[in-house]
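Visitor: Let me give you the structure first, and then I'll get to my questions.
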Amino acid sequence: EEDQYQMSKEIVDSISSMSPPGRFLKIDPGSGLLFEIVYEDAIQYTRQILLKCPKRLRPMWQDRFAQLVEFRKQYGHTHVPYSKTGLGKWVSKQREVSRKFHRGIDCGEDQPERE
């Protein structure tokens, strides 16, 4: 869908335009090391993750992402302290999903976040 491509592009652009810029990394299956991927691959990678995200959760995801961008502007990093609710829990879950995605593990449809 063009919608998903555009949303993916906006996410990549937003992360790439941060100061310092965020990067998109992938695990090399042979060495297990991370390497930076090019812009178009970052869009496709982000799009693949969004395709796994149920449509009903996308508005919440976008809200949390906007909160993370604001957190980074304020504190200069994205190491949000973990909490059982809120942004810290969301960031922790995104990192877990990303690790599974890199390893080729299907994350399935996650349950909506509860506050």
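Visitor: Quick one: in the stretch 52-77, which of the residues that are over 23 Å from Ser17 (Cα atoms) and surrounded by 11 or more Cβ atoms within 10 Å (Cβ to Cβ) is modelled with the highest pLDDT?
Guide: Here is the first cut: in the stretch 52-77, the ones over 23 Å from Ser17 (Cα atoms) are 52-57.
So of that shortlist, the ones also surrounded by 11 or more Cβ atoms within 10 Å (Cβ to Cβ) come out as 52-54, 57.
Working: Lys52: 72, Cys53: 68, Pro54: 67, Leu57: 67.
Here the answer is Lys52.
Visitor: Need the failing condition index for Val80 against (1) surrounded by fewer than 16 Cβ atoms within 10 Å (Cβ to Cβ); (2) of a type in the set (A, V, I, L, M); (3) not in a helix (DSSP H, G or I), just the number.
Guide: The failed condition is (1).
Visitor: When only residues in the stretch 1-46 that are touching a strand residue (DSSP E or B) at 6+ places or on another chain (Cβ under 7 Å) and among the β-branched types (Val, Ile, Thr) count, which is most open to solvent (accessible area, probe 1.4 Å)?
Guide: Ile27
The values are calculated or read from the model by the stated rules, or taken from the named source; none is laboratory data. Since this is a predicted model, take the numbers as computed values, not measurements. We place every Cβ from the backbone using ideal geometry, glycine too, and count neighbours over all the protein chains shown. The protein model used for the area step is the full one, side chains on, heavy atoms only, and it has no ligands, DNA or RNA in it. Shrake-Rupley method; radii C 1.70, N 1.55, O 1.52, S 1.80 Å.
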